[in-house]
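Following: one structure in structure tokens, then a few remarks.
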Amino acid sequence: MSADFDLKLDHVAYQVKDGVSTRTILSIDDLSIQAGEVLGLRGASGSGKSTFLKIISGIVTPQQGTVTWGNLCLNAQSESDRDDWRGKNCGFLFQDFRLFGGLSALENVLLPLTFRGKITPRDRVRAEKMLQGYGVPAQTLAAYLSRGEMQRTALVRVLISSPKVILADEPTASLDFSNAMRVMDALIEAAFHLKATLLVVTHDSQMLKRFHRVLTIENGTIRGAGL
């Protein structure tokens, strides 16, 4: 695995204004994740999970500490440089899919590539093959896909860019058990082949059993455990 994508958080604190005072949302003294690790993240609503994902991907920056990927201190970069780094290296998968209903499954998958330049015939063929592999009809409008097909389309949209880091926020919460397992299998398999770091936020105990390491976040602090 490339050490360029080892993640280390050192004395990170993120605070927000709460009236006349400040409230600490996240406080992590020391956390290391090796490149290519596949982890679960659990915690109650409001515990800081979403803030954690935003901090390690550079969407927001902590007021204290450092967030380092390899030799790159992400929170020391400018906003535009963080955006560039995230666009090149991170893929996000959400439970609400975030597809455009008036576009086909194929068009939804190809959409992020338009921000990198012209879509090539090779891109189109690759996207079609990936959708076919996941059992999604490429030309069907997203609005007419089943929920499982929608989530798998969203997954292909993430994987088409071959990210080094995959962040999945409750990706199976709105799916039945069969589709949830299919998506989780696909995520883990894809991360293995891409040698990508995978972090999955989930409340589902059955899904958490799939990970060798699970991080638990409570009141903005994180502890690691193996399940």
Percent relative contact order for region 66-130, counting Cα pairs under 8 Å at least six residues apart, stands at 17 percent
If you fit an axis through the alpha-carbon atoms of helix 79-89 and take the longest principal axis of the Cα set of the chain, what angle between them do you get, 0 to 90°, nearest 10? 50 degrees
From DSSP H assignment alone, runs of 4+ in the chain each adding -39500 (n - 2.57), the sum over residues rounded to the nearest 500 puts [θ] at 222 nm at -9500 deg cm²/dmol
What ranking, highest mean first, results for peptides 193-201, 8-16 when packing means the other Cβ atoms within 10 Å averaged over each residue? 193-201, 8-16
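Would you mind calculating the relative contact order of the chain from Cα pairs under 8 angstrom and at least 6 residues apart, reporting the percent as a whole number? Please report the intermediate quantities before stating the final value.
Numbers: 424 pairs, mean separation 61.7, N = 227.
In percent, rounded to a whole number, it is 27.
Roll a 1.4 Å probe over the protein chains and send me the accessible area per residue for region 2-123 in Å². Walk me through the numbers on the way to the answer.
Working: 6470 Å² over 122 residues.
For region 2-123, the solvent-accessible area averages 53 Å² per residue.
Heavy atoms only, probe 1.4 Å: what % of the accessible area of the chain goes to carbon and sulfur, would you let me know? Please list the in-between numbers first.
Working: 5710 of 11440 Å².
Ligands and nucleic acids excluded, carbon and sulfur reach 50 percent.
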Give the separation of the Cα centroids, region 144-201 to region 87-132, in Å. 13 Å
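Below 14 angstrom from the Cβ of Gln132, what's the summed charge of the other residues (Lys, Arg +1; Asp, Glu -1)? Numbers along the way, then the final one.
On the way: positive: Arg124, Arg126, Lys129, Arg152; negative: Glu128, Glu149.
Its environment carries a net charge of +2.
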What figure, in Å² to the nearest 10, do you get for the accessible area of Met181 with a 1.4 Å probe and non-protein molecules left out? 50 Å²
Taking the Cα centre as origin and putting +1 on Lys and Arg beta-carbons and -1 on Asp and Glu beta-carbons, what dipole magnitude results for the chain, to the nearest 20 debye? 420 debye
Between 0 and 90 degrees, rounded to the nearest ten: what's the tilt of helix 121-133 against the longest Cα principal axis of the chain? 90 degrees
With all protein chains in place and a 1.4 Å probe, Phe100 shows an accessible area in Å² (nearest 10) of 120 Å²
Ranking request for peptides 63-71, 76-84, 89-97: highest mean number of other beta-carbon atoms within 10 Å first, then the rest in descending order. 89-97, 63-71, 76-84
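Taking the Cβ of Val201 as the centre, find all other residues whose Cβ is under 13 Å away and add up their charges (Lys, Arg: +1; Asp, Glu: -1).
Details: positive: Arg42, Lys49, Lys54; negative: Asp169, Glu170, Asp204.
Local charge sum for Val201: 0.
The values are calculated or read from the model by the stated rules, or taken from the named source; none is laboratory data. Everything numeric here is computed off the predicted structure, so don't read it as measured data. Quick reminder, even Gly has a Cβ in these numbers, built from the backbone with ideal geometry, and neighbours come from all protein chains shown. Areas reflect the complete protein model, heavy atoms only, side chains present, ligands, DNA and RNA absent. Shrake-Rupley method; radii C 1.70, N 1.55, O 1.52, S 1.80 Å.
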